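The structure under discussion appears below in the form of structure tokens.
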Amino acid sequence: MSVTTETTSFKASDGVAIATYLARPQGDGTFPALVLGYEFWGMLEVPAGAPHMREIAGRFADAGYVAAIPDYYAARGQQPTMEGGTIVGSPPDEQSTSDLCDGVHWLQTQPYVDAERVGVIGWCGGGRQALFLAAKCAGVRAAAAFYGRPVNRPTQPGPSPIDVIDRMSCPIFGAYGADDRAIALDSVYAFRDALVGAGKVHEIHVYPGAEHAFMNDRRPEGYNAVAAADAWARVLDFFGRYLSFASSSVRP
């Protein structure tokens, strides 16, 4: 499928302009859409940052989705750093969730987007935000998190995604590495069990031998090609089921 890309922006609720990378299928009609939440590197021009995220957006566009990456770190003048094994310096959860939710609502107004078929997906910190959006952002129809922490670190304030499961109003997808040293496996299973207990539509996949950021092929030290390929196929199937193309008026 032919893809067009651009860098644009939308206004957050407080009026701040959020630069957004957009990849979408060419052609007339409306398409399902996704807001993408990035990893630690945000849209920095380092291999694991913007180049990787632009490639992912292009892959989604090639699959028939409008893919938007709001640069909510830069919009707030913040970029996380690693200090003593802990990520610090990112915006508060409430701000990130609000900015990404504004991105969802902005997408819904675009003439090439089917407003009833908008989902979210994220990786690492962006994956954690995708889980919050499932609970806090009206209009999200499906949410996918890749190694998004379901339970906060002990020093991290505020609720964890596991604490807001009762408010999650859309199907949930999760993909985690069994050898992820950043996210305790028992917290992933606790999250899965809580979803089951709450009767939420979900699928949680755990990949043996996979580490944190196993999908990021710009980080050879952690990339796992087998897990990445399987997870990609599964998340495309997930969005294909819950962001159905049936209502889209796509014309080639």
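General observations
- When residue 172 is tested against (1) within 29 Å of residue 226 (Cα to Cα); (2) in contact with a helix residue (DSSP H, G or I) (Cβ under 8 Å, 6 or more places away or on another chain); (3) open to solvent by 10 Å² or more (accessible area, probe 1.4 Å), just one condition goes unmet, and that condition is (3).
- If the condition is being within 18 Å of the chain's Cα centre (by Cα) and closer than 21 Å to residue 57 by Cα, then segment 172-222 contributes 172, 173, 174, 175, 176, 212, 213, 214, 215, 216, 217, 218.
- Of all residue pairs spaced 6 or more apart or on separate chains, those with beta-carbon atoms under 7 Å, a first member in segment 191-207 that is free of Cβ contacts under 8 Å to residues at least 24 places away in the same chain and a second member that is open to solvent by less than 60 Å² (accessible area, probe 1.4 Å) and part of a strand (DSSP E or B) are 192/204.
- The C-beta contact set for segment 52-63 (first residue touching a residue at least 24 places away in the same chain (Cβ under 8 Å) and within 18 Å of residue 118 (Cβ to Cβ), second residue among the β-branched types (Val, Ile, Thr) and open to solvent by less than 40 Å² (accessible area, probe 1.4 Å), distance under 7 angstrom, 6+ apart or interchain) comprises 57/69.
- Conditions (1) open to solvent by 50 Å² or more (accessible area, probe 1.4 Å); (2) of a type in the set (Ser, Thr, Tyr); (3) within 17 Å of the chain's Cα centre (by Cα); number of the one not met by residue 155: (3)
- Of the residues making up segment 106-120, one or more are closer than 30 Å to residue 227 by Cα, at pLDDT 95 or above and among the charged types (D, E, K, R).
- Screening the candidates 196, 140, 226, 201 for the property of being closer than 24 Å to residue 33 by Cα, loosely packed, with under 14 Cβ neighbours inside 10 Å and β-branched (Val, Ile, Thr) yields one hit, 201.
- Answer residue from segment 44-87, given it is touching a Gly at 6+ places or on another chain (Cβ under 7 Å) and modelled with pLDDT of 95 or more and is most open to solvent (accessible area, probe 1.4 Å) among those: 71
- For residue 214, the conditions (1) assigned to a loop (DSSP other than H, G, I, E, B); (2) closer than 29 Å to residue 139 by Cβ; (3) touching a helix residue (DSSP H, G or I) at 6+ places or on another chain (Cβ under 8 Å) all hold with the exception of (2).
- Within segment 16-32, if we keep just the residues that are touching a Lys or Arg at 6+ places or on another chain (Cβ under 7 Å) and either closer than 20 Å to residue 238 by Cβ or without any contact (Cβ under 8 Å) to a residue 12 or more places away in the chain (or both), the residue that is surrounded by the fewest Cβ atoms within 10 Å (Cβ to Cβ) turns out to be 31.
The values are calculated or read from the model by the stated rules, or taken from the named source; none is laboratory data. Because the structure is predicted, anything quoted here is derived from the model rather than measured. All Cβ positions, glycine included, derive from the backbone under ideal geometry; neighbour counts span all protein chains shown. With ligands, DNA and RNA removed, areas are computed over all heavy atoms of the protein, side chains included. Shrake-Rupley method; radii C 1.70, N 1.55, O 1.52, S 1.80 Å.
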